[in-house]
Each structure stands twice: as structure tokens, then as C-alpha cells.
Amino acid sequence: MLNIVFYFQVHQPYRLRHLNVLDIGSNESMFDEKLNKFVMQKVARTCYLPTNKLLLDLIHRFEGRFKIAFSITGTAIEQFKLYAPEVLESFQKLVQTGCVEIIGETYYHSLSLLYDTNEFLEQVSMHRDLMQKEFGYYTETFRNTELIYQDKLSDLIYETEGFKSIITEGVDRILQWRSPLFAYKNYSKNINLLLKYYKLSDDIAFRFSNREWPEYPLTSQKFTNWIDHLTLEEHNNRNLFLNLFMDYETFGEHQWADSGIFDFMSAFPGEVLKRSHLGFCTPKETLQFANYQQESLSFPDPVSWADEERDLSAWVENDMQKNAIETLYGLFDRVKQKGDEHLLKTARMLSTSDHFYYMCTKYFQDGDVHKYFSPYDSPDQAYIYFITALADLEERLG
Amino acid sequence: MKILMFTWEFPPLISGGLGMACYGIVKALLSQGINIDLVLPTKEMVYFPLRQESDVDTLPTVFLDPVQHKEFSTQKFSGVRERLEYIGISHRPESYIQMGEITQFYQNVNKEYWTSELVTHEEKELWEEMTVNLIGDEDLMKKVQEYTVRADSFARKLDYDIIHAHDWLTYPSGMLAKKISQKPLVVHIHATEFDRAGGPGDERVHKIEHAGMMYADRIISVSQYTAQMIMSRYRIDTGRIRIIHNAFTLSDDMNISKLRIFKAPTILFLGRITLQKGPDYYLDVAERVLKVHPDAKFIMAGTGDMSRKLLRRSASLKLRNRFLFTGFLNRSQVESILRAADIYVLPSVSEPFGIAPLEAMAYGVTSIISKQSGVAEVVNHAFKIDFWDVDLMAETINHLIENPAICAKIGHDGMVEVNRIQWDEAAEKIRHLYASLASEYIKSN
């Protein structure tokens, strides 16, 4: 049996205003409320609402056999409430079907794991509380920001009560000859690991509408045939898991509706469920379906799902990124000592990884992706606004 | 007395100190009864007949072509800005001139003015030096060419006693106007190519500068520092050079009271982020000071071709959120940043004058200025340090941070001093220069 594990990342950052040194001390919001509202309402219209509706229909149509998982950041939930409350309601409806797993992560989609363990644990716990509150859901599977993972993370997550699995990238340099279709264990064998099958995930997320791609256009039938082919691998009746992990905004936003992405998704579950040896399951169900001794994998260095390198270079490679993030985390202790909830909230909003992604200067094809996602003219501008925000934050600290 | 004045910048068409200086000079000259017809690189072919002091802000406008002017007079504008936008002053002139046209133009002017037997050999050589070098496909060169072509009409149709041209961009126009009218020409050196380039610079610009200075009846240099440069680098006869320092006059609506942004000491660089202004030395100074006073704030205000390099280097030095960039600032933002600063640094590699430090001092900001500047000649209550001596600059800033009372005292003394350096004084010297040139002209004719 091969189970398709769909996990969609739902995230919106708080984008900064074009801050100037002269704005410091004005005590106004550092964030571009107009832009954030515009983006949220646009993505709600193009992606969240139509895709949620489609998935709800599919879940009903297949009576429990089609299953999916979401990880929704705290900053996305907050902005749903502010700018598009109907989106939150539609997610709640999906969760109520029982066919949707909610995954845990850091509330602010931050890189705190790498810089401040206490802050990381606090953000993880804040996110779990938020999922309880909004969905009545107790998270058991964890994904760290941008699927960043290393051995140390599994220790922290193991020590956090209730988490049993972690989702990360199926990086070739770790897997080597192994297949990402199996469930693995972390290096100390106490946490279940699910690895993204990046080739097929990226066929949907990145290549779907690319006319230069030899496989264009991708139909659900063709895609299912490829999946079918995977089951031919020798697996001695062991259950396989095809982990298709991607940004939720793939649907309707990164791949526009006229690319046929919705038609693809609408036909895909039926195509899969026609075949008796294919099915869907959620990340946490893999624990009970893994009918074999799971091999343990060690990740001594951090990996992620970004760019060709699949490392941290999208966020913390150049000097601007390093100076920005080190300065931010250098302020956290003082912010907490000050005991001002609003300032702490602001610091945490600044910890969202997107701010550092906008400062990325890598070129080649990845640079294009960074540019596509950035609200600013250049990495330098993003850096200027961020550093100015940090000067403002520190000034507010007194 | 009436002056035909050519300049490349005048508020609101402004990118640096040249516009500020021209504004100050023209305003003070008007108050002393001088009439000025101002020609700017506007999109439309207009000039500005300035007759009273307030005209510097309203910029009354006349189209050179009467038919066009008639049409223009019927236009309704909601304000000065809209009228100026109509004639294309908020933008640099858009140049559509072709190389063929400019060559044709030179041939025509050569025929008309420069081939008669009255023209001396020396004169012909200078004209050639200018025309041969005013060649190039760059945007700026094409704009200067177009401006020069137009100067021919202004020079013939307007009536004036003296021609006054500011910096090399308008020297060809000044030369042409002098040739056409035979009226005395004053060229005003605000900066030379050596200052701007921080090195040898563009050979064509040197040649045009040289031709303009040689052809002029008088050369105004904004400082002793620049006069030295003119004499040594351009071999100009000292007798024709007059040093008239720039000045700074606070306008009535300026608010100079302190308005802090940061609690910590705030150090300011304000100007174009370009080699001439020494922004890299400022960064070196910041790095040194922050080792001793990690809370100090360094602001780099302005834009320029070195912005990115400086930004990246400040990040690599891990100066955290202590080294901040503002990007371009408009006038009221410049005022705000000056009100927020404690110490101003001008680390220019070569600064013919440097009005910005006078402005900073007028706001009571303690100033550290490069010895390689003209402004150092006119102020006493400021620190004068070689631009390359970053250790001494850092020590000075540390000393001022550690002794805020001394810092405040020097800032105050500087303010009092600068209040005496008014444009009226500079204008009076220029007026005398005009008068003596005019009487020489009458005698010789």
C-alpha cells in the first residue's frame, strides 16, 4: 500500500512598512497594514477560499478516504481574523470533517530554533495553544519553519509533551541510497520522521504551469501513473508514504487558476482512489501504518526545503541577513525583561523568517523566486527597513 | 544691472550643493537690486526673469517663443509647483538631440561667429577645445549639448550686461553667449572634475572647464582651496580669480530646536554617498567609535553610487542597528535629521566649499569637517581633521560623547559663528565684481 500524505503550509508574514530613521519614536505600527490587508484579501480570494471549498467537497465526496494536513502559522491566523475572517471559518469547517490533521510549528514562523532555544519553545507552545483554541485540535506532528531540521530539533520536540512525529525535507545528502517513501526515526530513535518527496511535490508546486517543462501539461492521470510506478519498487508489503508537502498558496496564487491547478486537484483523489493499492493518510497516521522497523537518520547539520541547496542559505547566508538576525535575537532578553507585551509581540513579528528571506542575494534561478516573494525593491531595501525597525524597537525599550 | 545667468541646478531642480548655493546667491543679489534672467535645463525653452527677492521661490516664467508664451499665459495652474511641472523643471531635460544635429550646429556657429577675421587665434583654440570635448553619447553630455544649442537663442534674444555661468555644464553656454554679445563672462567654480571624481576624472570635462575658465573675464572660486586647485591643475592666471566664499542663511520658517530621535549620542553624515564625500571614512570612524561607545547611533543620510557598497560593508562589520541608512531625504526631512543630530561629520576627500556643514552648524550641531574643504577656511568653531585620519576623528567623537557639555558648547558657538556668514556678504562681492566688469566693458567699447 502506498499512502499519499498531503501537507500544506499556510503562512502570511507581517510585512514591514518602508521605515525611515525619522519614523523612529513615532510609536506607530512598523508594519504595512495596507499591504498586509491587500495581500491577505487577494490570497483569500485566489487561493484560500476556493481551495478550501474544493478540498471540503473532495472530503465529502470520498467519505473519509481523502485526507490532508495543514500547518497554519499564528501570524496567518491573526491576519485571517483581521482581514478575512471567512477564511478561518472555512479552515475550521475542514478540521471538523475529521479528515484533516493540524500540524504544530512556531507561532511566528521563526528561525528561533537556531538562535534562542527558550524563545523557540515558547513559540511552539503558543502555537499549540492557538490550534487548541481555534480548532480544538491537539497537535502531535511538528514541522519547523521552512522544514528546517537537525538532530537537536528532535531532542527539543521529544521533550515537548505530545509530539510524536516531525516533518522535514527528503534531502539527498542525508538519504543517499535510501528512499523518502519510508517512515524513518530521528537519530535517537524516539521520534517519527516523514521526509518530503521533493521531486513530485515540486512538480505540482513549482513546475505545474511551466510550459518549458517537458511534462507540461501535468494531468492528474499522468501524475497518478508516476505514483503508481513508485509502488513497483521492492517493498515486501511494507507500507509506503508519499509525502507531498508544499505551500498552500500553490493553489491559485503561485499557480494561477487558469493554469488548471484546480482541475488537477479536483480530479486527483478520484484518480488515486480508483487504484486499490493507493490511498491517503495524514502524517500522524503513518505511525500506525509503518509496519516495519524504522531506520534512524542523523542530520548533524541543518537542512530545509528552500532552493537548490536545501540548507539555511536562503535566510542566513549574507552579511545583511546575519547582522539583522543576530541583532534581533540580541534584543530578545531585554524585551522580555521589560515585560511590555506589545513590544514582545513586535519583536516576535520581526522574528518571522520572511524578513530574512527578502534580504537574500543569491542569484541564478532561486533569486527569481526570492524576488517574486519580496514586497521590496531589493535585498538592500529590505535590510534597511528591518534594521531601522530594530533601532525603533530598541528605542522603545528605553 | 542685468545678468544672464546659466546654471544646472536651482530649487526645486536640485541634486546637491550647487542648487543651494545658486539659490542663496541669486536671492541676495536680487535684494541688492540686481536683475537676473535665469536659464535652467528645463524641458520647455523658457527663462526666469527674476526681479525681486520673492521671485526665487515663485520663479516667474517666460517662454522664449512669443507664440508659445501666449499659449502658456492662458494656462491656469493651481500653484507654483504645477506651473513648474508644466515647463518640465521637476525633471532633468529630456534630450532627443542627435549627434548629426549637434555637428551641424557647430558648423553653423563656427561660420557665424568664429570664422571672421576679428577672431584671434587663442579664441579659436579655446572654442575648439570646448566643441571638440562636448561630444559623447552619455545622457548628461547630450543634455549639455542641447542646453548649449538653446543658449544661442537666449544669448541673441535677451538683453543683459554680464553673463554668469555656474560650473562646467553651463560653461559652453557662457562662452557662446559671450561670443554672440561680446559681454563680459563670469564663470563660477563650485567644483571641478578633480573634486567630483576623487581622481583624474573625465578628460573631456577638464578640457571644457579649462576652456571656460580661459575664456572668462573673471573666475569666481568658492574657496582658497579651490583657487589653489584652479591655479595648479588648470594653470589659470591668478589675476582673474576672485575668491568668494559660500554662505548659509537660515530661512525664517526653519525650526532649529532639538528634536531627538535617539536617547544615545547621534552622529550624522549628510550628503551624496559618493567617493568625493568620503562615506567609507565615516564608516571606519563609526566602527572605531562603536567599540568604545556601543550605544551611539550613526546615521548615513543621502543616496549615491556607493550606497550599496557601504550598506553591505556596514553589515559585514556587524554594527548591528547602530549604523542606519535613511535613503533620499527631502528638505523638511533634512531639517528633522539635523534637529536630531549631536555631531555632524564631513569626511570629504575634496570639497571645494561644503555648505552642508554650515547648515549643520546653524542647527547647533557640533561639526567635524575635512581639512580638504573650503568651508574649513571660514569657520573656527568646528573640528578640522584630515579626511583620512579616521583615528583622530574617532577620538574626537569619543571625546565629545564623553563630554556632552563641551559638545553642546562647541555646537552653540558654531551656531553663533555661522549666523554671521550670510549670503548678503557674498552677493555684495559679486555685485562689485559685476560693476567693475561693466565699467571695463564700457571703457573698452
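Couple of notes before you dig in:
- Taken as a whole, the structure leaves A:Asn243 outside the set of residues that are at pLDDT below 95, away from every other protein chain (no Cβ under 14 Å) and under 22 Å from A:Glu101 (Cα atoms).
- Residue pairs whose Cβ atoms lie under 9 Å apart, separated by 6 or more positions or on different chains, with the first residue in region A:197-221 and touching a residue at least 12 places away in the same chain (Cβ under 8 Å) and the second crowded, with 18+ Cβ neighbours inside 10 Å and among the basic types (Lys, Arg), are A:Tyr198/A:Arg310.
- Yes/no for B:Ser232 being more than 14 Å from chain A (Cβ to nearest Cβ) and not in a loop (DSSP other than H, G, I, E, B): yes
- Against the conditions (1) surrounded by fewer than 24 Cβ atoms within 10 Å (Cβ to Cβ); (2) more than 26 Å from B:Gly19 (Cβ to Cβ); (3) more than 14 Å from chain A (Cβ to nearest Cβ), B:Met393 satisfies every one except (1).
- Residue in region A:2-24 that is free of Cβ contacts under 8 Å to residues at least 24 places away in the same chain and not aliphatic (A, V, I, L, M) present: no
- Any hit, region B:76-90, residues being of a type outside the set (Gly, Ala, Ser), open to solvent by 30 Å² or more (accessible area, probe 1.4 Å), within 21 Å of the chain's Cα centre (by Cα) and modelled with pLDDT under 95: no
- Some residue of region A:117-125 being in the same structural domain as A:Ser266 (by TED's automatic domain parsing), open to solvent by 10 Å² or more (accessible area, probe 1.4 Å) and assigned to a loop (DSSP other than H, G, I, E, B): no
- Taken over region A:24-42, the criterion of being open to solvent by 20 Å² or more (accessible area, probe 1.4 Å), closer than 23 Å to B:Ser332 by Cβ and either of a type in the set (Val, Ile, Thr) or modelled with pLDDT under 95 (or both) is satisfied by A:Gly25, A:Ser26, A:Asn27, A:Glu28, A:Ser29.
- Qualifying residue in region B:345-358 (condition: polar (S, T, N, Q), outside the structural domain of B:Val222 (by TED's automatic domain parsing) and under 27 Å from B:Ile219 (Cβ atoms)): yes
- Counted residues, region A:285-303 - those being within 24 Å of A:Asn236 (Cβ to Cβ), of a type outside the set (Phe, Trp, Tyr) and out of contact with any helix residue (DSSP H, G or I) (no Cβ under 8 Å at 6 or more places or on another chain): 10
- Inter-residue pairs, beta-carbon under 7 Å, first on the phi > 0 side of the Ramachandran plot and in region A:162-182, second crowded, with 16+ Cβ neighbours inside 10 Å, 6+ apart: A:Gly162/A:Glu140
- Those residues of region B:215-243 which are over 15 Å from B:Glu193 (Cβ atoms) and either aromatic (Phe, Trp, Tyr) or assigned by TED's automatic domain parsing to the domain that holds B:Val334 (or both), in sequence order: B:Tyr215, B:Tyr225
- Single residue of region B:401-445 satisfying the filter (among the hydroxyl-bearing types (Ser, Thr, Tyr) and in contact (Cβ under 8 Å) with a residue 40 or more places away in the chain) that is surrounded by the fewest Cβ atoms within 10 Å (Cβ to Cβ): B:Tyr441
- Selection of first residues in region A:336-352 that are charged (D, E, K, R) and of second residues that are loosely packed, with under 15 Cβ neighbours inside 10 Å, restricted to Cβ pairs under 7 Å at least 6 apart or on distinct chains, gives the following pairs, ordered by first then second residue: A:Lys338/A:Leu397.
- Candidate set from region B:63-87 (those that are among the charged types (D, E, K, R) and assigned to a loop (DSSP other than H, G, I, E, B)); member that is nearest to B:Leu40 (Cα to Cα): B:Asp65
- Criterion: on the phi < 0 side of the Ramachandran plot, under 16 Å from the mean Cα position of the chain (by Cα), open to solvent by 10 Å² or more (accessible area, probe 1.4 Å) and modelled with pLDDT of 95 or more - qualifying residue of A:Arg45, A:Arg128: A:Arg128
- In summary, strands (runs of 3 or more DSSP E) completely within region B:258-349 and bearing 2 or more residues that are buried (at least 18 other Cβ atoms within 10 Å of the Cβ) and within 14 Å of chain A (Cβ to nearest Cβ) occur at B:266-270, B:297-301, B:323-327.
- Set A:Arg45, A:Arg128: member being of a type in the set (Lys, Arg), touching a Gly at 6+ places or on another chain (Cβ under 6 Å) and assigned to a helix (DSSP H, G or I): A:Arg128
- Taking the conditions (1) within 14 Å of another protein chain (Cβ to nearest Cβ); (2) free of Cβ contacts under 8 Å to residues at least 24 places away in the same chain; (3) not in a helix (DSSP H, G or I) in turn, A:Ser29 satisfies each one other than (1).
- Among the candidates A:Ile174, A:Ile166, residue that is open to solvent by 20 Å² or more (accessible area, probe 1.4 Å), within 25 Å of A:Asp307 (Cβ to Cβ) and of a type outside the set (Phe, Trp, Tyr): A:Ile174
The values are calculated or read from the model by the stated rules, or taken from the named source; none is laboratory data. Computed from a predicted structure; not experimentally measured. Note that each Cβ is placed from the backbone with ideal geometry, even for glycine, and that neighbours are counted across all protein chains shown. Quick note on the areas: whole protein, heavy atoms, side chains included, nothing else; ligands and nucleic acids left out. Shrake-Rupley method; radii C 1.70, N 1.55, O 1.52, S 1.80 Å.
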